[in-house]
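Data first, discussion second: the structure below is written as structure tokens.
The values are calculated or read from the model by the stated rules, or taken from the named source; none is laboratory data. Just so we're clear, the structure is a prediction, and the values are computed from it rather than from any experiment. Positions of Cβ are generated from backbone atoms using ideal geometry, with glycine treated the same way; all protein chains shown enter the neighbour counts. Keep in mind that these areas ignore ligands, DNA and RNA; they rest on the heavy atoms of the full protein, side chains included. Shrake-Rupley method; radii C 1.70, N 1.55, O 1.52, S 1.80 Å.
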Amino acid sequence: MKKCYNCRIPLSELEKSNRTKEHIPAKAFFVGYPIKYKNQRKTVPACRRCNEEYAKIDDELRDVIGILNNEETHKSELTKKSVRKILSNKQTLNEKMHVEDDGIYFSFSVNILDQLHKKNFKGIYHIIKNEPISDEYKLDVYSDGHDEKKLSLGFTFLENIEQLGNWDKSGHSDIFRFKMAYFDFDKDKLTEFNSYSGNPLFLVSAMEYNKTIVSVVVATKP
């Protein structure tokens, strides 16, 4: 029985118009890239309510990537969309852009970015296990915007995941690549999750967006 990857509602209980799928990551991250970058994008089953809820905030992370673009051709369209969105609304402009003596700075909502990283973590879990993650797990994000202690721990997780080898991808590795592992308490180390059949106490996934943003999400049971 298919369930929404996020809220776990059985899709058979919904009218067809309320059943859909979620792209992991959102289509917004592929804008401006050649068609070959969009092949074999990962999707998961979703209810329309969850799909539309995240659609409202997916652009926040896209805007970060667009603003951080260092003259990379494929990201130029992302940059244009990011700048247009920020400049089109005076309130948004005042919230995000800050002019200092040494330059112009942009700020973004860490809370919204964390929500998006958690969403994609749930999507990755469903891609691997073909079922939603249990609501027993508590999700926590280790990424830019958090304090140095969390960032340091996030880098430690990332180094351990890198040692596991090849990452998976959605569409193209230049746009979104990911790796999920679980902590094997018998071996005292992170281990490939793809081959694990149970529900471990500790899961960790690293995600890289457009070769620009890297986040680590940890899922733990109480």
Please pick out the residue among 61, 68, 11, 113 that is over 15 Å from the mean Cα position of the chain (by Cα), under 22 Å from residue 210 (Cα atoms), surrounded by 15 or more Cβ atoms within 10 Å (Cβ to Cβ) and of a type outside the set (Lys, Arg). 68
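Restricting to region 60-111, and then to whatever is hydrophobic (A, V, I, L, M, F, W, C), more than 12 Å from residue 31 (Cβ to Cβ) and in contact with a Lys or Arg (Cβ under 7 Å, 6 or more places away or on another chain), can you tell me which residue is modelled with the highest pLDDT?
108
Given the criteria open to solvent by 40 Å² or more (accessible area, probe 1.4 Å) and modelled with pLDDT of 95 or more, does residue 138 qualify?
yes
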Please specify each residue of region 166-180 satisfying the condition of being surrounded by 19 or more Cβ atoms within 10 Å (Cβ to Cβ), in contact with a Lys or Arg (Cβ under 9 Å, 6 or more places away or on another chain) and not in a loop (DSSP other than H, G, I, E, B). 176, 177, 178
If you go through region 62-97, how many residues are in a helix (DSSP H, G or I), in contact with a Ser or Thr (Cβ under 9 Å, 6 or more places away or on another chain) and under 30 Å from residue 133 (Cβ atoms)? 5
Consider region 182-209. How many of its residues are open to solvent by less than 50 Å² (accessible area, probe 1.4 Å), part of a loop (DSSP other than H, G, I, E, B) and either at pLDDT 90 or above or closer than 11 Å to residue 161 by Cβ (or both)? 2
Conditions (1) surrounded by 15 or more Cβ atoms within 10 Å (Cβ to Cβ); (2) over 23 Å from residue 222 (Cα atoms) -> residue 163 fails only (1)
The one condition residue 145 fails out of (1) open to solvent by less than 50 Å² (accessible area, probe 1.4 Å); (2) free of Cβ contacts under 8 Å to residues at least 60 places away in the same chain; (3) not charged (D, E, K, R) is (1)
Is it true that some residue in region 123-135 is open to solvent by less than 30 Å² (accessible area, probe 1.4 Å), among the aliphatic types (A, V, I, L, M) and either outside any strand (DSSP E or B) or touching a residue at least 60 places away in the same chain (Cβ under 8 Å) (or both)? yes
Taking residue 51, is it open to solvent by 50 Å² or more (accessible area, probe 1.4 Å), touching a strand residue (DSSP E or B) at 6+ places or on another chain (Cβ under 9 Å), modelled with pLDDT of 90 or more and among the polar types (S, T, N, Q)? no
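Please go through region 210-222 and pick out each residue that is of a type outside the set (S, T, N, Q) and part of a strand (DSSP E or B). Break it down stepwise before answering.
First pass over region 210-222, keeping only residues of a type outside the set (S, T, N, Q): 211, 213-214, 216-219, 221-222.
Passing the criteria: 213, 214, 216, 217, 218, 219.
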Take the residues in region 7-25 that are free of Cβ contacts under 8 Å to residues at least 40 places away in the same chain and part of a loop (DSSP other than H, G, I, E, B), then tell me which one is nearest to residue 45 (Cα to Cα). 9
